[in-house]
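The values are calculated or read from the model by the stated rules, or taken from the named source; none is laboratory data. Remember, predicted model here, so these are calculated numbers, not experimental data. Here the Cβ is made from the backbone with ideal geometry for all residues, glycine too, and neighbour counts use every protein chain on show.
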Amino acid sequence: MIYEGKAITVKEIEGGIAQLDFDLQGESVNKFNRLTIEELHAATDALKAQKKLKGLVVTSSKDSFIVGADITEFTDLFAGSEEDLIANNLKANAIFSAVEDLPFPTVTAINGIALGGGFEMCLATDYRVMAPKAKVGLPEVKLGIFPGFGGTVRLSRLVGVDNAVEWICGGTENRADAALKTGAVDAVVEPAKLVEAAVAIIDQCNEGKLDYEARREEKKGKIKLNAMESMMAFEISKAFVGGKAGKNYPAPVEAIKVMQKHAGLTRDKAIEVEAKGFAKMAKTNVAACLVGLFLNDQELKKKAKAWEKEASEVKLAAVLGAGIMGGGIAYQSALKGTPIIMKDINQDGIALGLKEAKKQLTKRVDKGRMNAGQMADVLNSITPTLNYGDFKNVDLVVEAVVENPKVKDAVLREVEEMTRDDAILTSNTSTISIDLLAKNLKRPENFCGMHFFNPVPMMPLVEVIRGKKTSDRAIATTVAYAKAMGKTPIVVNDCPGFLVNRVLFPYFGGFSALVRDGADFQNIDKVMEKFGWPMGPAYLLDVVGMDTAKHANEVMADGFPERMKADYKSAVEVMFENDRYGQKNDKGFYKYELDRKGKQKKVVDEDTYKLIEPVVQGKNDFSDEDIIARMMIPLCLETVRCLEDGIVADPADADMGLIFGIGFPPFRGGALRYIDDMGADKFVELADKFADLGPLYHSTEKLREMAKTGEKFFG
């Protein structure tokens with residue numbers, strides 16, 4: 001044994017060839033934490049001390065190769081100064097460069113996922129062989145940063161500027177065929193033959209058939225473009241990527257700027273440029289928020305995994321109520337491998353549900369993500385029916401009928417009689433109390449909410465709502481089923497609107513009051529989209545549907561009258577009264593026309609201004625700052641109340657629910673992190689400035705206490 005540690009071992013395998021193997025003890029995956037980096041340093045020193053080695057094969061004993069850096073260490077690391085970050089990066093890079101400079105040929109055998117620092121390790125060796133199902137990439141931009149272990153330097157020289165920009169700025173995970181085509185890897189072989197293929201490459205190097213030293217020098221040298229070619233490549237890339245990423249996500253463009261700066265430099269000087277650029281991005285608030293989101297997401301997955309241990313197996317599901325929502329639920333369940341019965345009371349509903357499922361599957365076929373045979377298999381996993389014939393075999397039912405408590409009550413009582421005593425019943429309600437719906441059930445312990453968001457295939461969140469009598473088994477089974485459907489489940493307690501709608505409607509309340517006070521709804525949309533929302537509130541109301549919004553608003557007003565009951569007629573009510581339901585009937589705040597691709601496109605409708613004129617008090621030019629404050633304060637304060645009322649377990653659940661459920665700008669981290677970033681004292685001060693607008697703008701006593709003590713929601 002040449003070296004033995006807790007993350008890395010090095011031994012000689014055959015004919016003077018060494019094998020450096022990553023196998024981090026106590027972890028299911030390999031990652032570059034402090035321990036692994038330190039051991040890579042020691043292992044490299046041990047390799048350099050060997051006199052007769054002819055080559056090195058780098059392997060992994062895990063199913064994945066290396067998934068990347070240990071992101072749990074980022075928060076503390078990024079809290080340091082920019083100078084400390086640069087120094088840390090250069091120290092780590094010296095180790096990767098030492099691997100690259102070993103006095104014999106080196107080959108990495110990529111058996112599974114190699115991302116971020118894991119792929120940068122691969123790039124440090126002379127050659128790479130890859131298993132067909134493995135994936136490689138540099139996804140750091142998704143965390144608001146870019147590669148910092150030499151990735152921008154080595155990849156740009158290995159595969160060319162255009163490919164490097166695409167991989168780094170897109171943060172893509174690339175399959176073996178794409179990696180081979182660009183030259184990021186040198187061969188694709190079956191997993192069992194990876195080491196054999198790597199040894200064969202080393203043998204060819206030692207026989208003089210492959211010039212590994214020339215290849216190494218090319219990777220360590222300057223980018224081979226003249227001044228004009230370099231300027232064109234980088235300037236065009238910056239314009240294209242900047243337009244796509246937007247100003248709120250600076251890392252992709254900064255990565256290009258860094259590559260442009262080090263294009264004419266050799267490795268060590270180029271890595272210094274990368275380290276400075278990396279540190280600059282690591283100190284941005286965007287990086288802090290996106291790293292926080294990643295860690296929150298990991299916490300959600302841990303919670304879901306814990307619930308799964310208590311879950312009953314769902315071999316067959318059912319959805320009551322076909323239509324768009326029911327069809328979407330049926331499609332998602334069948335696509336992910338759980339057969340489902342889709343029941344409706346009439347054939348038209350069944351036809352609509354099947355049409356929705358077929359539409360989603362056809363999209364996948366058109367994009368090459370499945371073939372016609374696979375599409376048929378998924379459709380065959382959806383059993384349409386007008387009766388309860390096979391419901392005794394169903395493990396979990398999703399009720400997705402009209403959002404009316406009387407109708408839901410009748411349907412739930414009926415299906416309870418038709419299913420086994422241990423079957424789990426759930427309601428896809430967006431606002432109606434789970435305790436209310438459970439009141440007439442014989443087995444309320446087997447009942448909970450399972451709130452999907454529309455469109456089901458696109459929206460990642462599912463709210464799993466616990467009523468007072470809901471059992472842990474019901475929650476666990478519903479969470480496990482949501483996860484099996486490819487969704488992110490968040491467990492919340494029962495209250496009007498649960499988490500997402502309870503928080504969303506104060507935001508809409510802020511919008512309605514702004515319009516009442518003379519703000520132009522189009523300008524509000526522009527300001528909030530610039531702030532980072534995927535669509536402004538007027539546009540979002542059109543997408544939600546004015547009938548749905550009016551109904552939900554009434555539920556919220558009844559549930560929280562002191563804050564959410566308006567004492568004026570809103571523009572939303574005007575839209576509803578004039579049958580302007582939004583995208584449902586092509587007219588709301590905006591008009592909707594089909595574009596060339598057959599998709600709805602919003603256009604300005606001057607009639608809207610005439611219709612809302614009676615409920616608007618003159619015309620007012622609000623500053624962008626005031627619009628943002630009046631929109632965001634009610635949303636943030638209601639999120640605080642949800643946490644204080646125990647509707648969500650912790651700040652991470654609250655923020656992730658808003659990001660996955662309503663498209664809260666990810667680079668801002670969520671409502672509670674938004675307060676943290678502003679400072680609770682500054683946020684309370686801002687809210688007090690608008691206190692005369694009503695209770696939606698009144699801070700809680702606990703938040704005021706946090707403002708005094710400097711306490712944060714996160715850390």
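The one condition from (1) over 24 Å from Tyr590 (Cβ atoms); (2) within 23 Å of the chain's Cα centre (by Cα); (3) among the hydrophobic types (A, V, I, L, M, F, W, C) that Trp533 does not meet is (1). Going by what's in this entry, would Ile13 be described as in contact with a helix residue (DSSP H, G or I) (Cβ under 7 Å, 6 or more places away or on another chain), β-branched (Val, Ile, Thr) and modelled with pLDDT under 95? Against the criterion (in contact with a helix residue (DSSP H, G or I) (Cβ under 7 Å, 6 or more places away or on another chain), β-branched (Val, Ile, Thr) and modelled with pLDDT under 95), Ile13 does not qualify. Looking across Leu56, Leu47, Leu35, Leu20, one residue alone is part of a helix (DSSP H, G or I), at pLDDT 95 or above and crowded, with 18+ Cβ neighbours inside 10 Å. It is Leu47.
Among the strands (runs of 3 or more DSSP E) lying completely within the range 414-488, list those that include at least 1 residues that are small (Gly, Ala, Ser) and over 19 Å from Lys309 (Cα atoms). Show your work before the answer.
Details: elements: 424-427, 447-452, 461-466.
Strands (runs of 3 or more DSSP E) meeting the threshold: 424-427, 447-452.
Every test in (1) buried (at least 21 other Cβ atoms within 10 Å of the Cβ); (2) closer than 28 Å to Leu672 by Cα; (3) touching a residue at least 60 places away in the same chain (Cβ under 8 Å) is passed by Phe589 save one, and that test is (2). Pairs are defined by a Cβ separation below 6 Å, a sequence spacing of at least 6 or placement on different chains, a first member in the range 27-43 that is under 10 Å from Ile8 (Cα atoms), and a second member that is in a helix (DSSP H, G or I) and not hydroxyl-bearing (Ser, Thr, Tyr); the pairs so defined are Ile37/Ala92; Leu40/Ile95.
Apart from one condition, Gly243 fits all of (1) small (Gly, Ala, Ser); (2) surrounded by 13 or more Cβ atoms within 10 Å (Cβ to Cβ); (3) under 20 Å from Phe667 (Cβ atoms); the exception is (2).
Among the residues of the range 175-213, how many are within 29 Å of the chain's Cα centre (by Cα) and farther than 14 Å from Val129 by Cα? It would help to see each step written out before you state the result.
Step one: filter the range 175-213 for residues within 29 Å of the chain's Cα centre (by Cα), giving 175-182, 184-185.
Within this subset, residues satisfying the condition of being farther than 14 Å from Val129 by Cα are none.
Of the residues in the range 175-213, 0 are within 29 Å of the chain's Cα centre (by Cα) and farther than 14 Å from Val129 by Cα.
Could you pull out every one of the helices (runs of 4 or more DSSP H) wholly within the range 187-289 that has 1 or more residues that are hydrophobic (A, V, I, L, M, F, W, C) and touching a Lys or Arg at 6+ places or on another chain (Cβ under 7 Å)? Lay out the reasoning, then the answer.
Numbers: elements: 194-206, 212-220, 227-245, 251-262, 267-282.
So the answer is 194-206, 251-262, 267-282.
The single condition among (1) over 30 Å from Gly715 (Cβ atoms); (2) modelled with pLDDT of 95 or more; (3) among the aliphatic types (A, V, I, L, M) that Ala566 does not meet is (2).
Condition check: modelled with pLDDT of 95 or more and outside any loop (DSSP other than H, G, I, E, B). Does Val543 satisfy that? It is false that Val543 is modelled with pLDDT of 95 or more and outside any loop (DSSP other than H, G, I, E, B).
Only a single item in (1) more than 14 Å from Leu696 (Cβ to Cβ); (2) over 28 Å from the mean Cα position of the chain (by Cα) is not met by Tyr539, and it is number (2). Restricting Glu416, Glu403, Glu399 to residues that are in contact (Cβ under 8 Å) with a residue 60 or more places away in the chain and in contact with a strand residue (DSSP E or B) (Cβ under 8 Å, 6 or more places away or on another chain) narrows the list to Glu399. When residues of the range 419-446 are filtered for being at pLDDT 95 or above and closer than 16 Å to Ile490 by Cα, how many remain? Residues meeting the conditions: 4. Filter the range 622-671 down to residues that are at positive phi and touching a Phe, Trp or Tyr at 6+ places or on another chain (Cβ under 9 Å) and give me whichever is surrounded by the fewest Cβ atoms within 10 Å (Cβ to Cβ). Among those that are at positive phi and touching a Phe, Trp or Tyr at 6+ places or on another chain (Cβ under 9 Å), it is Gly663. Consider the range 672-715 and keep the residues that are aliphatic (A, V, I, L, M) and surrounded by fewer than 16 Cβ atoms within 10 Å (Cβ to Cβ). The one that is nearest to the chain's Cα centre (by Cα) is Met678. Specify the residue that is surrounded by the most Cβ atoms within 10 Å (Cβ to Cβ); the eligible residues are those in the range 551-586 that are assigned to a loop (DSSP other than H, G, I, E, B) and among the acidic types (Asp, Glu). The qualifying residue surrounded by the most Cβ atoms within 10 Å (Cβ to Cβ) is Asp586.
Against the numbered list (1) under 28 Å from the mean Cα position of the chain (by Cα); (2) surrounded by fewer than 24 Cβ atoms within 10 Å (Cβ to Cβ), Cys448 comes up short only at (2).
Which is outside the structural domain of Ile659 (by TED's automatic domain parsing), of a type in the set (Asp, Glu), surrounded by fewer than 17 Cβ atoms within 10 Å (Cβ to Cβ) and at negative phi, of Asp409, Asp395, Asp377? It is Asp377.
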